[in-house]
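The values are calculated or read from the model by the stated rules, or taken from the named source; none is laboratory data. Treat the numbers as computed from the prediction; the structure is a model and nothing was measured. Positions of Cβ are generated from backbone atoms using ideal geometry, with glycine treated the same way; all protein chains shown enter the neighbour counts. These area figures cover heavy atoms from the full protein model, side chains too; ligands, DNA and RNA do not enter into them. Shrake-Rupley method; radii C 1.70, N 1.55, O 1.52, S 1.80 Å.
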Amino acid sequence: GFTDHEIEQPWVGVACAFNEVIPGHTHLQQVADAVKAGVRMAGGTPMQFGIIGICDGIAMGHAGMRYSLPSRENIADSVELMARAHAFDALVLVTNCDKIDPGVLMAAARLNIPAVVVSGGPMLAGRHRGRDVDFITVMEAQGAVEAGRMEPEELAELEDCACPGCGSCAGLFTANSMNCLTEAIGMGLPGNGTIPAVHAQRIRLAKRAGMAVMEMLRKGRRPRDIITPASLRNALAVDMAIGGSTNTVLHLLAIAHEAGVGLDLRTIQEVCDATPNLARISPAGEGRHHMQDLHEAGGIPAVMGELSRKGLVDPEVPCVAADRIGEVFEGRTTLNPEVLRPVDDPYMPT
């Protein structure tokens, strides 16, 4: 059904991890449709294909967890196979959740054709008896029941409201950490890590991602122009500032390897020692703050803006949103110091 004009235009592969298994993925078809609209608006021809995803939450506590990390390599390989076999000119990678996020970034670095990553965004926190709750609250409650400190009926009540809709788990676990670091590296647009999954802003972001990849194609900007030692240090600084999942080390090393960039534990430690901790997002801080709170506090641009006041991020690296990532965060500061502390009043100095 393609017209000759569509075939003559640049072909943009839209790799979408939609499935009906993972809460973070059940809405990704809508996100992919918005991406395709953006590609068409900017003069490209989108072609969607699928990639697998494993939910670490569902796989936890049984032999299924042994399959989670290997799936990351399968995802990177499958995106490479599709992109090379069909000679796509560019890619938009529609993702969410623990191993899918790094898997598509590894593929982007390996392929080195114009690419933008857009996530499905975080789940909203649930509400239970007057407090915000999430996935980890249920896990802790299960332990409380086993220890005799909670009645099974309260656990059942909590289970029904802790995860109220689609999106990656509401706290700063691996998925949301990697979605934020995708933004900090420069491979995702502003808001990629923090706009809630159910907000209309997420669909607008997906349309802009489709348009952004066409701009990258016109400029000849590629992932390895973006994934550099400087951008990885930016990502690590953001990681330390927000208190991301320790699994980010596992994934950033793999992404750096695919990009041919040197990154080692000594460099990571240097960034740890230099960067203050500015946020305590669930499961830290007794679970009082969630991803929606970080978004309302200004999101990753505000985090980077605060860090830039101490010279802790490099504003000159290119990104998918602009010629230099400083255009995204310069002048941005926290909008809620209770959630995202100013850089001169951190939770911890390192």
With the contact rule set at Cα under 8 Å and sequence spacing of 6 or more, what percent relative contact order holds for the chain?
18
Tell me the carbon and sulfur percent of the accessible area for the range 260-300, rounded to whole percent, probe radius 1.4 Å.
44
So for each of 12-18, 215-221, 251-257, 200-206 I average, over its residues, the number of other beta carbons within 10 Å; can you give me the resulting order with the highest mean first?
12-18, 251-257, 200-206, 215-221
Give me the dipole magnitude in Debye, nearest 20, for the chain about the Cα centre, with unit charges on the beta carbon: positive for Lys and Arg, negative for Asp and Glu.
820
What is the sum of charges around residue 192, taking Lys and Arg as +1, Asp and Glu as -1, for the other residues whose C-beta is under 14 Å from the C-beta of residue 192?
+2
Helix 28-41 sits off the longest principal axis of the Cα atoms of the chain, rounded to the nearest 10 on a 0 to 90 degree scale, by 30
How about the range 249-333: which trypsin sites (Lys or Arg not before Pro) there are in a DSSP loop, with at most 16 other Cβ atoms within 10 Å of their Cβ?
288, 309, 310, 324
Angle in degrees between helix 174-185 and the longest Cα principal axis of the chain, rounded to the nearest 10
50
Take the alpha-carbon positions of the range 244-330, form their convex hull, and give its projected area averaged over all directions (one quarter of the hull surface) in nm².
6.6
HN-Hα couplings for the range 136-143 via Karplus (6.51, -1.76, 1.60; θ = phi - 60°), in whole Hz with x for Gly/Pro, come out as 5, 4, 5, 4, 5, 5, 4, x
In the range 109-200, which trypsin sites (Lys or Arg not before Pro) are in a loop and have at most 14 other Cβ atoms within 10 Å, using DSSP for the loop call?
129, 149
Residues of the range 43-78 with amide N under 15 Å of the 7 Å Cα→Cβ point at residue 142:
55-66
Per residue, how much accessible area does the chain have with a 1.4 Å probe, in Å²?
41
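Determine the share of the range 152-237's accessible area contributed by carbon and sulfur atoms, expressed in whole percent, with a 1.4 angstrom probe.
Exposed carbon and sulfur together represent 52 percent of the surface.
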Considering only protein heavy atoms and a 1.4 Å probe, what is the carbon-and-sulfur percentage of the accessible area of the range 1-122?
58
In nm, to one decimal, how far is the modelled label at residue 267 from the one at residue 6, with both set 7 Å along Cα→Cβ?
4.3
From the mean inverse distance of alpha carbon pairs (Kirkwood) and the Cα radius of gyration, derive Rg over Rh for the chain.
0.97
Tilt of helix 247-259 relative to the longest C-alpha principal axis of the chain, in degrees (0 to 90, nearest 10)?
10
In cubic angstrom per residue, the convex hull of the range 84-138 built on its Cα atoms measures 89
Farthest toward the dipole's positive end in the chain, which of 69, 339, 185, given Cβ charges of +1 (Lys, Arg) and -1 (Asp, Glu) about the Cα centre?
185
Which of the GluC sites (Glu not before Pro) found in the range 307-350 are in a DSSP loop and have at most 16 neighbouring Cβ atoms, other than their own, within 10 Å?
316, 330, 338
